[in-house]
Amino acid sequence: MSDSTVVPPASVVLVSGGSRGLGLAIVTDLLASGLKVAAFARTVTPELTALGEKYPEHLHYGSVDINDPKAGQDFVKEVEAKLGPIDGLVNNAAVGQDSLHVHTSADQVAAIIQTNLTSPLVLTRFVLRRMLAKGLKGRIVNVTSICAQRGYPGLVAYSATKGGMDSATRSLARELGGRVLANSVAPGFFASEMSAVLGQTQLDQIVRRTPTGHLTEPDEVVPVVRMLLLDNTNINGQVLVVDGAASI
Amino acid sequence: MGLVERDKVRELMGEVMKAQGRTLPSDDAADLREIGFRSLDFSELALRVEDELGDELNFDAPGLRRITTVGDVLDFIEQLQTA
Ligand SMILES: NC(=O)c1ccc[n+]([C@@H]2O[C@H](COP(=O)([O-])OP(=O)(O)OC[C@H]3O[C@@H](n4cnc5c(N)ncnc54)[C@H](OP(=O)(O)O)[C@@H]3O)[C@@H](O)[C@H]2O)c1
């Protein structure tokens, strides 16, 4: 492989929605791997603050609403000043849904699309512009969902956004001509604030249909994200499903 | 916003069931699974109530999952209108 096509491991990674759930697990893991990490969410949690105390030189965090592009851009500039240029982006922040499409207001549909599709694309655009302008190579990981590939009632708009991100991943991989590796990680359902709306019956049903016999754990998704950010693989434009074969 | 009264909602619920060749029992304690009133039937009822109201009644699914009897349906629609 010629050097010109090798994308080095990411060294400064921005994780959206890094305050809890899977995002927090990703931030924790990347810090433990020695990376510099930036994380934002609307609300900074005690867990994120504690990580900030443990890794003062390696973690930069703040309160940012991804739907406020100016705040997002200011945050990216802060990160660059404190940690150095960003060469890894994990689009993890998202809002869930649990309402039948016919009973979801048009405003609510628009809000889900804004948070889960439009804003991550706008953030990605901004981070890529900075990366390319500096002549850097980099890595993008979009956290999507099995909902992008399989149907689930109550998740119509949410599924559309996740499918949109998977499609964007493929086109980004093509468009960026090997300078940036862009991939999606699509977890099955895991326990978090987002999935707390699912009833016990539904959770039991998912487990019953999963050959590995358990819901996906954030800790099982984290190594896949880490691999896409750090390892020397030629994986590009792919969606990696982590769901214990529940959807197979 | 006006209010579609409980009796009227019951009448609309009866219409939804009648269109499927079923009858709505008069007992509020009747079990929805036993009478064959499923979640999409609830959607149809809610949309008929919206038509009467001239306004949308949007709601999340978790509330729906707690509904098990005819009385629960009538209570839920009442709560939606007063929320
Ligand atoms: N849970 C599941 O079963 C499941 C399954 C498949 C895929 N996923 C995906 O995995 C990812 C993480 O999900 P999770 O379950 O860990 O969710 P979660 O616990 O609800 O965490 C979501 C994170 O995103 C942040 N966020 C939400 N809206 C935001 C906004 N407007 N601006 C900035 N940050 C925002 C949240 O913080 P604030 O609310 O404080 O802003 C939080 O940090 C999401 O992309 C989700 O779609 C989840």
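Annotations for the structure displayed:
- Verdict on A:ALA111 being away from chain B (no Cβ under 14 Å) and near the ligand (Cβ under 10 Å from one of its atoms): no
- Note on region A:43-71: residues that are of a type outside the set (Ser, Thr, Tyr), within 15 Å of the ligand (Cβ to nearest atom), part of a loop (DSSP other than H, G, I, E, B) and surrounded by 14 or more Cβ atoms within 10 Å (Cβ to Cβ) total 5.
- Residue, farthest from the ligand (Cβ to nearest atom), within region A:18-42, restricted to residues that are closer than 28 Å to A:GLY178 by Cβ and in a loop (DSSP other than H, G, I, E, B): A:GLY34
- Checked against (1) surrounded by fewer than 21 Cβ atoms within 10 Å (Cβ to Cβ); (2) within 14 Å of chain B (Cβ to nearest Cβ); (3) more than 27 Å from A:LEU181 (Cα to Cα), A:GLY96 passes all but condition (3).
- Some residue of region A:187-195 being near the ligand (Cβ under 10 Å from one of its atoms), in a helix (DSSP H, G or I), under 19 Å from the mean Cα position of the chain (by Cα) and within 14 Å of chain B (Cβ to nearest Cβ): yes
- The residues in region A:173-210 that are touching a residue at least 60 places away in the same chain (Cβ under 8 Å) and loosely packed, with under 14 Cβ neighbours inside 10 Å can be counted, and the count is 2.
- Single match in A:LEU229, A:LEU240 (criterion: among the hydrophobic types (A, V, I, L, M, F, W, C), closer than 18 Å to A:LEU89 by Cα and more than 15 Å from the ligand (Cβ to nearest atom)): A:LEU229
- Of the listed requirements (1) within 14 Å of another protein chain (Cβ to nearest Cβ); (2) touching a residue at least 24 places away in the same chain (Cβ under 8 Å), A:HIS103 misses just one: (2).
- Residue pairs whose Cβ atoms lie under 8 Å apart, sitting 6 or more positions apart in sequence or on different chains, and linking a residue in region A:19-41 that is at positive phi and more than 14 Å from every other protein chain (Cβ to nearest Cβ) to a partner that is within 9 Å of the ligand (Cβ to nearest atom) and modelled with pLDDT under 95, are A:GLY21/A:SER192; A:GLY21/A:GLU193; A:GLY21/A:MET194.
- From the options B:LEU47, B:LEU40, residue that is surrounded by 14 or more Cβ atoms within 10 Å (Cβ to Cβ) and aliphatic (A, V, I, L, M): B:LEU47
- Picking from residues in region A:127-162 that are part of a strand (DSSP E or B) and within 12 Å of the ligand (Cβ to nearest atom), the one that is nearest to the other protein chains (Cβ to nearest Cβ) is A:VAL143.
- Lone qualifier among A:LEU229, A:LEU215 - being more than 14 Å from every other protein chain (Cβ to nearest Cβ) and in contact with a strand residue (DSSP E or B) (Cβ under 6 Å, 6 or more places away or on another chain): A:LEU229
The values are calculated or read from the model by the stated rules, or taken from the named source; none is laboratory data. These numbers were taken from a predicted model, which means no experiment stands behind them. Virtual Cβ from ideal backbone geometry, glycine too; neighbours counted across all protein chains shown.
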